Amino acid sequence: MSRSLRHGRQSLAIPGPSVIPDRVLSAMHRPMPNIYGGELVDTSLSVLGDLPAIARTQGHAFVAISNGHGAWEMALTNTLSRGDAVLVVDTGLFARAWAQMAERLGLEVRWVPTEDGYPVDPAAVEAALSADDAQEIRALLLVHVDTATSVLNDVAAVREALNASRHPALLMVDCVASLCCDRYEMDLWGVDVTIGGSQKGLMVPPGLGLVWANEKALAAHREASLRTPYWDWEPRLKDGPHYVKYCGTPPIQHVFALREALDMLIEEGLENVWWRHQVLADAVRSAVDAWSTPDGLSLAIEVPTARSNAVTTIRTGSVDPDRLREIAEEGAGLVLGIDLNDSPIRSFRIGHMGHLNPAMLLGTLATVESVLIGMGAELGGSGAAAAAASIAPHLQG
Ligand SMILES: *Cc1c(COP(=O)(O)O)cnc(C)c1O
């Protein structure tokens, strides 16, 4: 027996997997159905039909039984050929991991660097594309929100850079972290391939990789030599037996989970979902601003418009972020996100994606403040009070 405050329900504030709504968990709790017809097939078809709307596209949605890494591979192998070059915007850890995968698939990786704490510079993208006279670059890979730094990149500005350079490369955007948290407009912004995953803003357990493709991407698919049997879009595009949509047995529990989560998103309305994330993320940023001191805590992203509404990376100054997370988890039942940057400036992360309300978020922020006080951290003021004040004007009874 030992004395601890860590009782009650554990709070999860990591940037994925996110909190799963009870409605979604309940929807998964069912016996195995007939997989060749009936409710499962109807539900799966309705899910595939509703997925384009959440990426704001008229394009086609593919669902892989995989995590986000699998969706990356599905996107690359279906649209590119061995030896093609891809231009990768180096926004952080996730961009680098995606590029490594491209390299291992036999693609040639070229880089557009970014500055620590800043989003993509569209002029640098335009310069890199304009220098590619032979048009060897077949795709531009951009991570919308890089979950390590929490930077939010301006996709529309990158599209303009592509247009300005008159370069035909496909624009592929990783929205695994940002989908249903930060505003995203696939068709309006001229994105050709969008990549998502089930376990972040979509509020479904990990296990589904999502890829959306427009007509230009589907045309590239017909020429692509990297296609492999499992990931290949071709059988999945056909109106054949439902079995082939997943290249085998459907992910039954996940299909029902995704149906329920989409229902929740449709009931709330995507614009309202984005608004709620904005209000809650503003509260996190208010808290960090209140805590911050010249040598202490601060937001990792310098540019206010480049801060994600899904996740926030907080630099800790002289506070040890690993110790902070340990006390939060062991002492208070709060799980915070680890430091994923290779920068000497240490950080931790708060995930604020998906199934989240002010009670949950203010609990997280006040608990972090309590841990900081207990560690003797120098604080500029009360972040919990600042966050409460930031949310106050938006509460409706
Ligand atoms: C989480 C994440 C991934 C990877 O997803 P997995 O499901 O862990 O493979 C890729 N990109 C971004 C931006 C992410 O946040």
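The values are calculated or read from the model by the stated rules, or taken from the named source; none is laboratory data. The structure displayed is predicted, hence computed values, not measured ones. With ideal geometry, Cβ positions are generated from the backbone for all residues, glycine too; neighbour counts draw on all protein chains shown.
Brief remarks follow.
- Test: THR147 is within 16 Å of the ligand (Cβ to nearest atom), touching a helix residue (DSSP H, G or I) at 6+ places or on another chain (Cβ under 8 Å) and assigned by TED's automatic domain parsing to the domain that holds ASN67: yes
- Only one of the listed residues (ARG82, ARG110) is part of a strand (DSSP E or B), more than 15 Å from the ligand (Cβ to nearest atom) and of a type outside the set (A, V, I, L, M, F, W, C). That residue is ARG110.
- Number of positions in segment 284-309 that are surrounded by fewer than 19 Cβ atoms within 10 Å (Cβ to Cβ) and either part of a loop (DSSP other than H, G, I, E, B) or at pLDDT below 95 (or both): 6
- Qualifying helices (runs of 4 or more DSSP H) (wholly inside segment 179-273; at least 2 residues being β-branched (Val, Ile, Thr) and either out of contact with any strand residue (DSSP E or B) (no Cβ under 7 Å at 6 or more places or on another chain) or in the same structural domain as GLY83 (by TED's automatic domain parsing) (or both)): 252-268
- Whether a residue is surrounded by fewer than 17 Cβ atoms within 10 Å (Cβ to Cβ), among the β-branched types (Val, Ile, Thr) and within 24 Å of THR147 (Cβ to Cβ) was assessed, and ILE338 passes this test.
- Residues in segment 55-73 that are in contact with a Phe, Trp or Tyr (Cβ under 9 Å, 6 or more places away or on another chain) and away from the ligand (no atom under 16 Å from the Cβ): ARG56, THR57, GLY59, HIS60, ALA61.
For (1) more than 26 Å from LEU270 (Cβ to Cβ); (2) within 16 Å of the ligand (Cβ to nearest atom), each residue gets a yes or a no:
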| position | (1), (2) |
| --- | --- |
| ALA157 | no, no |
| GLU160 | no, no |
| ALA164 | yes, no |
| LEU210 | no, yes |
| LEU226 | yes, no |
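- Residue in segment 249-260 that is surrounded by 14 or more Cβ atoms within 10 Å (Cβ to Cβ), among the small types (Gly, Ala, Ser) and more than 30 Å from PRO119 (Cα to Cα) present: yes
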